[in-house]
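*Asks:* Provided herewith is a single structure, encoded as structure tokens, for subsequent inquiry.
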Amino acid sequence: MICDRTPPPRRILGIDPGLARVGFGIIDIDEDGATLPRLVDCGIIQTAAKTPLGDRLITLYDDLHTLIEQSKPDLVAIEKLFFYRMGNTITVAQARGVILLAIAQSNRPMVEFTPAQVKQALTGYGNAKKPEVQAAVTRELDLDAIPQPDDAADAIAIALTAHYQNL
């Protein structure tokens with residue numbers, strides 16, 4: 001009998017918080033570091049604008065709870081809030097609170113990064129533009145195209161940042 005002692009991959013779930021759309025990206029990292037990170041899944045959790053706020057928050061919680069239970073990440077990385085328009089700050093903060101609750105209840109370790117930290121980790125420049133970050137995600141995962149929608153690509157960038165920080 002041959003005994004395979006290859007350690008299992010480490011799984012990181014990246015989350016780009018929002019109320020209308022929460023981006024998620026799941027990557028696997030081989031513990032030996034011999035291969036590139038691998039994209040497992042990505043997408044969005046979406047809520048309809050005309051739905052009452054409480055119902056939207058319930059949808060975010062339920063869908064994220066299910067995603068965490070199904071994907072079984074070893075680490076969850078989430079983007080810190082950064083806003084320049086006050087109009088949606090409060091509702092996004094409420095959504096982020098529900099997201100943080102779902103993560104905390106899953107008993108999984110969590111890290112947070114600012115947008116500038118994500119840009120710095122992927123491009124070497126904290127003020128990089130979105131296309132530069134998307135190109136870095138595509139290159140680092142050896143993908144044929146930029147993951148869509150943008151919220152999913154942003155979440156993958158957050159997961160990659162956690163990997164680069166050796167967390």
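*Asks:* Which residue pairs have Cβ atoms under 8 Å apart, sit 6 or more places apart or on different chains, and have a first residue in segment 44-57 that is on the phi < 0 side of the Ramachandran plot and polar (S, T, N, Q) and a second that is surrounded by 11 or more Cβ atoms within 10 Å (Cβ to Cβ) and part of a loop (DSSP other than H, G, I, E, B)?
*Replies:* Gln46/Ala20; Thr47/Leu19; Thr47/Ala20
*Asks:* Another question about this same structure. Mind listing whichever residues of segment 16-41 are within 29 Å of Thr59 (Cα to Cα) and outside any strand (DSSP E or B)?
*Replies:* If the condition is that a residue be within 29 Å of Thr59 (Cα to Cα) and outside any strand (DSSP E or B), then Pro17, Gly18, Leu19, Ala20 are the ones that fit.
*Asks:* Would you point out the residue of segment 138-164, among those that are farther than 22 Å from Arg108 by Cβ and under 12 Å from the mean Cα position of the chain (by Cα), that is surrounded by the most Cβ atoms within 10 Å (Cβ to Cβ)?
*Replies:* Within segment 138-164, the match that is surrounded by the most Cβ atoms within 10 Å (Cβ to Cβ) is Ala153.
*Asks:* Could you pull out every one of the helices (runs of 4 or more DSSP H) wholly within segment 71-167 that has 3 or more residues that are acidic (Asp, Glu)?
*Replies:* Answer list for segment 71-167: 150-164.
*Asks:* Test Lys119 against the stated conditions and say whether it is in contact with a helix residue (DSSP H, G or I) (Cβ under 8 Å, 6 or more places away or on another chain) and surrounded by fewer than 18 Cβ atoms within 10 Å (Cβ to Cβ).
*Replies:* no
*Asks:* Could you count how many residues in segment 93-139 are closer than 11 Å to Ala157 by Cα and among the aromatic types (Phe, Trp, Tyr)?
*Replies:* Within segment 93-139, residues that are closer than 11 Å to Ala157 by Cα and among the aromatic types (Phe, Trp, Tyr) number 1.
*Asks:* It is to be established whether one or more residues within segment 49-68 are surrounded by 15 or more Cβ atoms within 10 Å (Cβ to Cβ) and part of a strand (DSSP E or B).
*Replies:* no
Every number in this text was worked out from the coordinates using simple rules, so none of it is lab data. From a predicted model like this one, the values you see are computed outputs, not experimental measurements. No Cβ is skipped: glycine too gets one built from the backbone with ideal geometry, and neighbour counts run over all protein chains shown.
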